[in-house]
1. Would you pick out the residues in the stretch 137-176 that are over 19 Å from LEU101 (Cα atoms) and surrounded by 12 or more Cβ atoms within 10 Å (Cβ to Cβ)?
2. If we keep just the residues of the stretch 158-201 that are more than 19 Å from ASN135 (Cβ to Cβ) and part of a strand (DSSP E or B), which is modelled with the highest pLDDT?
3. In the stretch 101-129, how many residues are without any contact (Cβ under 8 Å) to a residue 40 or more places away in the chain and either within 17 Å of THR152 (Cα to Cα) or part of a helix (DSSP H, G or I) (or both)?
Amino acid sequence: MIRINLLPFRSVRKKEAARRQLTIFVGSLVFVLAMASGYSYFLSAKNKNLNEKIRNARIEIQQYNQINSEIAEIKVQLDVLSQKINIAQSFEAARTAPVELLRDISGQIVKKQMWITRIDEMAENVRISGIALDNPAIAEYMTRLQSLPNYTDVKLESIQQDTSIRGLSLKRFNISFHQVAQAADNPKWVLENESGNGIIH
């Protein structure tokens, strides 16, 4: 009878199985490491790209901030210029207001029937004192003043008989009205002539 010893064969098979498992394990490990390395590289590239975008965004923000700062400075300069223009216009209006007021008041006079003896101006309020031949002349003068676009609320404050001038029966009157377009901070000025000849006739 022939006997065959199978122990060496089984040992070889076990060694080959162990070697195969080791090869699979090493291969799997290498694959996992390669995948991890690749993913790490991908994340690194993505992170680098993100950091580059963040850096560019910060540069753009700085540029926009600088532009906004320049715009704000320009706005301040424009506001200062606008204030200067408004002040200059106010001075010009204050300088020309008495001239325009005298022109309007004298232009509405009922010729040869009345004259003005005094003009008081305080801000938008104007008060006129004068002498007229009769009541219709005063009424006509008030109507003419009321028709001007820059004057409103024309009122007859008082009217009384006056015989002090050559014994004539005249009407001494006071009229007030409001200037619509006149600056509120104009100084008060007074134009007066009580001589009896009148300053506007």
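The values are calculated or read from the model by the stated rules, or taken from the named source; none is laboratory data. The shown structure was predicted, so the numbers you read here are calculated from the model rather than taken from an experiment. Glycine gets a Cβ as well: all are built from the backbone with ideal geometry, and neighbour counts include every protein chain shown.
1. Once the filter is applied, which keeps residues that are over 19 Å from LEU101 (Cα atoms) and surrounded by 12 or more Cβ atoms within 10 Å (Cβ to Cβ), the stretch 137-176 yields ALA137, ALA139, ILE159, ASP162, ILE165, LEU170, LYS171, ARG172.
2. Per the criteria, the residue is HIS178.
3. 2
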